[in-house]
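The values are calculated or read from the model by the stated rules, or taken from the named source; none is laboratory data. Since we're looking at a predicted model, the values are computed, not measured. Glycine also receives a Cβ, built like all others from the backbone with ideal geometry; neighbour counts cover every protein chain displayed. Note: areas computed on protein heavy atoms with side chains; ligands, DNA, RNA excluded. Shrake-Rupley method; radii C 1.70, N 1.55, O 1.52, S 1.80 Å.
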Amino acid sequence: MYNILTKYSYNAATDLISQLSDPDEENQLLNDEQIHDATILQDWIFNKNPTQMSYNGIQNLHTNIEDDQFAVLFRNNHFSTIFKHGDYLYQLVTDIGFIDKDIVWERISNVDGDSEFYDHEFLFYQHTENDSFDAEPLTDEQLAQQLYFEEIQDAEEQLKLYTPTYKEDEQLAMLLQQEESRKYEEEYEKQVQKSNRKRKVSNTSRKHTHKKDSSPTRQHHRKRASTRNVKEESSSDDCNIL
C-alpha cells in the first residue's frame, strides 16, 4: 500500500482513478499495473478514508508540530492553516457558511467528521437552535464549486470597479502621444540651444584672436610714419635757399 501511495501525487492519483471509473475515458490506455494501482487507490481514498484523514496521520501531526506552532495541511484538495495549542490540533475555519458565527477554529481530533468548533480564544462554541450548518467536511466537488463561485464574485467586483471604454482608451492614447511630442520638442530645443552656445563661443574666440593679431601691425605702421616725417623735416632743414 505504501509503495503505491508514494508513487503518485494527489492529482495524479485522482486522474488515474477517473480514467478507471469514467466509461467515457479510454481505459485501454491503462496498462495492467496502472489498473491495479487505480483500484487500490480508489478503495483507499474513497472507501477507507473518505475524509482524507487517518489516525496515523493525526498522530504524525502531533509528533512533528510543536505547541503554539503553525503549519499548512493539504486535505480535500485544499490547503488549510493548522495550529497546535494546548496539545490539541486546530484547523482554521474558512468555509463561507460560518461567516456569521463566532467560529474561528475546528479541532482535529477524529477522522469521522464529528467536528468541534472554537472561537478566537479557543473556547468551545455552543450550538444554538438557529445553527443550521453541517459539520461534515466538504467533498472535493463542493469545495471546487465554492472556490469557483468565489472567483466569479471576485471577478465581477473587479469589473465593477473599473471597466475601460473605447473613449477612455482613445483619450489615453492621445495623452501618451502628447507626452511623447512634448519630450521630443524639449530635446530638440536643448540641441538648438547647445548648438547656438557653441557658435557664439567660436565667434567670440575668432574676434579676440583678430584683435590681438592686428595691434602690433598698427603700431608698426605708426612707427614707420613717424620716422618718415622726421626724415622729411630733416631734409627740409638742410636745404639752402639761393
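Can you tell me which residue among ILE40, ILE35 is surrounded by fewer than 16 Cβ atoms within 10 Å (Cβ to Cβ), in contact with a helix residue (DSSP H, G or I) (Cβ under 7 Å, 6 or more places away or on another chain) and without any contact (Cβ under 8 Å) to a residue 24 or more places away in the chain?
On the way: ILE40 fails: without any contact (Cβ under 8 Å) to a residue 24 or more places away in the chain.
Within the list ILE40, ILE35, the selection yields ILE35.
Once the stretch 124-149 is narrowed to residues that are among the hydroxyl-bearing types (Ser, Thr, Tyr) and at pLDDT 60 or above, the residue that is nearest to the chain's Cα centre (by Cα) is TYR148.
Tell me the residue from ASP112, ASP100 that is closer than 25 Å to ALA13 by Cβ, assigned to a loop (DSSP other than H, G, I, E, B) and either of a type outside the set (Phe, Trp, Tyr) or in contact (Cβ under 8 Å) with a residue 24 or more places away in the chain (or both), please. Show your work before the answer.
Numbers: ASP100 fails: closer than 25 Å to ALA13 by Cβ.
That would be ASP112, the only listed residue that is closer than 25 Å to ALA13 by Cβ, assigned to a loop (DSSP other than H, G, I, E, B) and either of a type outside the set (Phe, Trp, Tyr) or in contact (Cβ under 8 Å) with a residue 24 or more places away in the chain (or both).
Whether a residue is under 30 Å from ALA12 (Cβ atoms), open to solvent by 60 Å² or more (accessible area, probe 1.4 Å) and more than 29 Å from the chain's Cα centre (by Cα) was assessed, and THR63 passes this test. Just one of the listed residues (GLU180, GLU168, GLU121) is exposed (fewer than 12 other Cβ atoms within 10 Å of the Cβ), acidic (Asp, Glu) and modelled with pLDDT under 70, and it is GLU168.
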